[in-house]
């Protein structure tokens, strides 16, 4: 094993405080009991530390999470929403989306702008920076802490594109900028706020023009050495299968990208396919059964190797809902080495078109190297 | 994301010392420069801390690792070999193997005993405890720190078998005992000492009567929520394929378990198959090409999803060497989404029949909850 950097040291008290702040930063809000469970600290220590953090204004009491609950309701704590905003962006093939969230995980603004598929990166960057400024202008007096950006396509082998985006945002806002593949960020967002909320290990597949995805293990995106993990679309189902645009044969993407599925179904739109499925059209059902089996087989392979039995299906095809989920779930349940078929969870994504941008927010909130609360980031108005 | 326990706090100096000790415990030996790289501490801090550790006798200077090197050779440090022994055991289907290693990763003793496949667990346990005592008797005066045990077959769903083994060894030796699936431990051992030494992310497949394996990510075994990760043998290649003994169809194991491969090759032993391959027998070559492609496809699927391009092939079929490696490597290089085919590494396992037992040693050395150096574990002679 190669050397591995370990975490920098801190005094116990500072370390305890940091755990509490990190947990709130990742979760948005938590009760004191949840903080005890999450940190392994005693109830007394958590009480003392949260009292200090409340007094210092680093943490606030938020409205209670369980309406209608009888008896004493536990208080939820969160980071001070005024500690700063986080921007999440998603550069898709045909639009950029922006979300602004506060430190308590509350979404305070969002917007998106379409652009033609052929738009050069320079133009896309300019559109995105303008849009981000506009979203932030809706939050006068707020402080921007960091920006997390999702980008369509592979990240590792396009350093120039990624670098220019980072520079543009660092230059415009003067805060730390983080980037990742947007399908991976969409998966992360689903695991934090969406269909797989509260489930630590998740396989996320995005079914659109391209087929990508994310592997979430223990609540964290698995990136891989070459920053290329999550390539469900290019798992080979048949070495003698159709030629894929990646140059190989029989990749999952050849069979289940949205254009191929629509063509096989004899329709031109996903809603057209959904209508056909709703009226139990035989051709459409056959197409979905086949696509679902292929997606399920690829998920079962990864699930067997990783011992993961939760899958979230995102992208354009997710609009088909149960029509898509059913055959995937059946295949997964049949091919995962599990005793309990009930252990298999397959859901469609819940976060819609903002998924990638929300993932950008999660990327930043989960990155402990970004100083958030307690720091003095530049005032938005000073840098925008 | 669910709550996640964080590490217990320590003072900075104690933490730094612990990092150095942990690194040496995982790596066996390291130069001061390697410790600087691994811990992120300054050269001066590492020098001061190692001087103290040397003075306290917790760390020793070992013989230098690079013979024939010109100029000043850097000293290697390791934990004090006298800090204690670790026992590794591997309960296979037909034998138990035992390895004893010291804290400097030096193997000081080993042995194995065959038993019939039908041997009840009670008898296997008794044989293993006797054999372990015998290996330790060869190290008079040595102190046993912990025992790591590999067990054939799945671990998660046989708590009684696993629990009885743990009890037998805790009772006999009075030290901490850790258990895991033996194929996973074999993979861990290959990544620490064997074919994938120095490579952080590795897919390990064990090809014997059963087909199992291990996923090593960042130098650690990925276990999965249900403790069932690494099931390469039950990845489905064809939902309409032959019935597998697991009850499903078309699993990799149906096609490439050693009995099936030998039968297809028209031979009865692996060495017979190797001879046929050495004389370029067409039938044998065809069998290997097909098996290699199937193994490669399953590895490529996992590799695409995890961004891992190193595979180690262990178990009985590993004796076929390049005859097996070549078709697996070809398939993997063809189906992994990589630009550089050279990035693909496929090797046969190097550690032979002691792999699982060595993995037991690694399991214990990598477990920070086991106190090793600086503790006062019970004297072996007092408890055995």
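Details
- Between copies, the label points at residue A:107 (set 7 angstrom from Cα along Cα-to-Cβ) are spaced 5.7 nm, reported in nanometres from shortest to longest.
- Using just its DSSP H runs of length 4 or more, each adding -39500 (n - 2.57), the protein assembly as shown gives a mean residue ellipticity at 222 nm of -12500 deg cm²/dmol after division by all residues.
- Listed peptides B:167-173, B:103-109, A:79-85, A:351-357 by packing density, highest first (mean Cβ within 10 Å): A:351-357, A:79-85, B:103-109, B:167-173
- Segment B:310-332 versus segment B:244-301: alpha-carbon centroid distance in Å: 11 Å
- Position residue B:120: other-copy label points at 8.1 nm, ordered by increasing distance, label point 7 Å along Cα→C-beta.
- Chain B: angle of helix B:121-137 to the longest principal axis, Cα-based, in degrees nearest 10: 40 degrees
- Dimensions of segment A:197-350 along the principal axes, based on C-alpha atoms and rounded to the nearest Å, stand at 40, 37, 26, largest first.
- Among A:273-282, A:209-218, the peptide with the highest mean count of other Cβ atoms within 10 Å heads the list, and the full ranking is A:209-218, A:273-282.
- Antiparallel content of DSSP bridges confined to chain B, in %, to 5: 60 percent
- Scanning chain A for the Cβ atom closest to the axis that brings A onto B yields residue and whole-Å distance A:301, 2.
- Nearest-ten-degree value, helix B:43-55 long axis tilted from longest Cα axis of chain B: 70 degrees
- FRET efficiency for the residue A:269 to residue A:220 pair, using the beta carbon distance and R₀ = 30 Å, is estimated at 0.25.
- With the biggest extent put first, the Cα atoms of the protein assembly as shown measure 76, 65, 65 Å across the principal axes.
- Helix A:159-173 axis, angle to chain A major axis (alpha carbon atoms, nearest 10°): 40 degrees
- Peptide B:133-145 shows a mean partner chain C-beta count of 0 within 10 Å per residue C-beta.
- Here residue B:282 and residue B:93 are evaluated by their C-beta separation; at R0 = 45 Å the FRET efficiency comes out at 0.85.
- Residue exposure sequence - A:204, B:255 - by fewest surrounding Cβ within 10 Å: B:255, A:204
- Beta bridges per DSSP, both residues in the protein assembly as shown: antiparallel share near 60 percent.
- Annotation for segment A:193-226 versus segment A:138-175: alpha-carbon center distance of 21 Å.
- Relative contact order (%) - segment A:197-350, alpha-carbon pairs under 8 angstrom, separation at least six: 23 percent
- Ascending list, in nanometres, of distances separating the residue A:353 label from those of the other copies (7 Å, Cα toward Cβ): 6.6
- q = 0.08, 0.16, 0.21 Å⁻¹, segment A:46-197: log10 I(q)/I(0) [Debye, one scatterer per Cα]: -0.29, -0.94, -1.34
- Counting neighbouring Cβ atoms within 10 Å and putting the fewest first, the residues A:253, B:22 line up as B:22, A:253.
- Exposure proxy ranking, count of Cβ atoms within 10 Å, fewest first, for B:369, A:42, B:208: B:369, A:42, B:208
- In units of the compact-protein estimate 2.2 N^0.38 Å, segment B:148-282 shows a Cα radius of gyration of 1.23.
- For chain B, the spherically averaged projection of the C-alpha convex hull amounts to 22.5 nm².
- Shielding score for B:216-224, defined as the mean number of other chain Cβ atoms within 10 Å: 4
- Principal axis dimensions, segment B:303-372 - Cα atoms, whole angstrom, descending: 45, 27, 16
Values in this text are rule-based calculations from the coordinates and carry no lab data. Note that the structure is predicted; figures quoted are calculated from it, not measured. So basically every Cβ, Gly included, is an ideal-geometry build from the backbone, and we count neighbours across all protein chains shown.
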